[in-house]
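Values quoted throughout were computed directly from the atomic coordinates according to the rules given, and no laboratory measurement underlies them. From a predicted model like this one, the values you see are computed outputs, not experimental measurements. Every residue, glycine as well, gets a Cβ built from its backbone with ideal geometry; the counts of neighbours run over all protein chains shown.
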Amino acid sequence: MPDADGPMLGAVIFDVDGTLADTERDGHRPAFNAAFAQHGVPVHWDVEQYGALLAVTGGRRRIAADLRARGVTADAEELAADIHRTKTELFRRHVLAGAVEPRPGLPETVKSLAEDGIRIAIATTGRRAWVEPLVAHLLGAGVAETVVTGDDVTALKPDPQVYRIALERLGLPAENALAVEDSAIGLAAATGAGLPTLVVHTDYTRGQDFTAAAAVRNRFDGPDQLTAASCRRIHARWCAAGGVTSAPTA
Ligand code: XBP
Ligand code: MG
């Protein structure tokens with residue numbers, strides 16, 4: 001969809017965990033710990049341990065990896081699946097209780113995109129049972145045109161599949177969209193699908209390698225509030241550079 005000045009920005013595809021909301025440390029982590037306790041499994045992930053475990057995407061895979069590292073071999077996969085079902089239900093309740101706040105400035109970004117006619121989509125590793133109510137709560141019902149979750153893919157991030165499906169559902173080539181991610185794993189997934197990617201990192205992901213990003217910042221809000229205009233600038237600069245990524249601070 002090229003125009004006189006290069007490809008247009010038609011859609012922004014947001015990651016969820018860490019990007020729409022800072023969910024990992026005080027949202028998912030306590031839900032995993034409560035699920036371990038409910039299943040009588042003597043595991044408690046502290047803040048630092050959980051940060052390291054984020055290298056394994058997908059809650060079920062994360063639990064299984066940790067159980068195996070602790071010497072559980074025979075039934076690690078089955079036990080992980082059981083514990084993760086409980087965790088998913090606990091986190092869903094947390095979401096439905098309205099307990100998850102958007103990252104500061106995110107609602108203003110979303111409003112600005114919508115007012116500018118830029119379509120909004122979601123590409124996440126998380127499970128649909130909690131993702132759908134959370135996205136509706138944070139963005140407003142129906143604001144995200146398509147929501148692609150960990151239930152929709154055969155390979156989780158850093159595999160690009162979730163972003164490819166989002167682009168397919170939007171009917172857009174990668175050059176007409178911008179991904180917003182918080183982590184190096186998410187960045188790899190988005191760039192693997194050919195998407196220019198803005199990284200808005202968190203305390204957990206600060207310091208990761210974001211050299212493949214179109215731009216990097218640490219917040220949505222503040223004097224440099226992220227708007228539709230700033231997304232268009234980041235996208236246009238990336239396109240003008242021929243998709244060359246240099247991670248300038250936006
Ligand atoms: C998020 C994840 C998920 C969440 C937990 O990664 O890896 O596993 O931590 O959610 P991203 P589930 O932000 O890159 O999508 O327990 O539903 O997997
Ligand atoms: Mg994330």
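Using a Förster radius of 35 Å, what is the FRET efficiency between Ala241 and Ala65 based on their Cβ-Cβ separation? Nearest 0.05, please.
Once the sixth-power term is evaluated, E becomes 0.40.
Can you give the translational diffusion coefficient of the chain in µm²/s, computed by Stokes-Einstein from the Kirkwood radius over Cα pairs at 37 °C and 0.692 mPa s? Write down the numbers at each step before the final one.
Numbers: Rh = 18.4 Å.
Answer from the Stokes-Einstein relation: 178 µm²/s.
Scan around Thr146 for amide H atoms under 5 Å from its own, H built in the peptide plane at 1.01 Å from N, and keep only partners 5 or more places away or cross-chain.
Here the answer is Ile122, since their amide H atoms fall under 5 Å of that of Thr146.
By the gyration tensor of its Cα atoms, with a ≥ b ≥ c the square roots of the eigenvalues, what is the shape of region 110-246: rounded for a/c under 1.5, prolate for a/b over b/c, or oblate?
Working: a/c = 1.30, a/b = 1.15, b/c = 1.13.
Rounded shape, in that the Cα axes give a/c under 1.5.
Which of these, Gly58, Gly150, Gly207, has the largest mean-square fluctuation under a Gaussian network model of the chain (Cα springs below 10 Å)?
Highest fluctuation of the listed residues: Gly207.
What distance in nm separates the simple spin-label points at Val56 and Thr154, each placed 7 Å from Cα in the Cβ direction?
Between Val56 and Thr154, the simple spin-label model gives 2.3 nm.
Taking 8 Å as the Cα distance limit and 6 or more residues as the minimum spacing, I'd like the relative contact order of region 1-141 as a percentage. Display every interim value, and only then the final one.
Working: 137 pairs, mean separation 53.1, N = 141.
So the answer I get is 38 percent.
Tell me which residues come under 5 Å, amide H to amide H, from Asp22 once H is placed; ignore anything under 5 positions away on its chain.
Those qualifying (amide H under 5 Å, at least 5 residues apart or on another chain) are Arg103.
Per the helix-only calculation at 222 nm, which mean residue ellipticity applies to the chain, given -39500 (n - 2.57) for every DSSP H run of n ≥ 4 and division by its residues, nearest 500 deg cm²/dmol?
Values: 9 runs with 103 residues, N = 250.
Taken over the chain, the calculation gives -12500 deg cm²/dmol.
Using Cα-Cα distances under 8 Å and only pairs 6 or more residues apart, what relative contact order does region 137-245 have, in percent? Please report the intermediate quantities before stating the final value.
On the way: 141 pairs, mean separation 21.2, N = 109.
For region 137-245, the relative contact order is 19 percent.
Determine by what factor the alpha-carbon radius of gyration of region 154-205 differs from 2.2 N^0.38 Å, reporting the quotient. Before the final figure, lay out each step's value.
Values: Rg = 10.7 Å, N = 52, 2.2 N^0.38 = 9.9 Å.
Normalised Cα radius of gyration, region 154-205: 1.08.
I'd like the FRET efficiency for Arg219 and Gln49, computed as 1/(1 + (r/R0)^6) with the beta carbon distance as r and R0 of 22 Å, rounded to 0.05. Intermediate results must be reported in sequence, preceding the final value.
Working: r = 26 Å, r/R0 = 1.18.
Computed FRET efficiency for Arg219 and Gln49: 0.25.
Over the Cα atoms of region 87-172, how large are the radius of gyration and the largest Cα-Cα distance (Dmax), in Å?
Cα-based Rg and Dmax for region 87-172 come out at 13.4, 38 Å.
Pairs of alpha-carbon atoms within less than 8 angstrom and 6+ residues apart define the contacts here; what relative contact order does the chain have, in percent? Display every interim value, and only then the final one.
Values: 431 pairs, mean separation 57.8, N = 250.
With pairs under 8 Å counted, the relative contact order is 23 percent.
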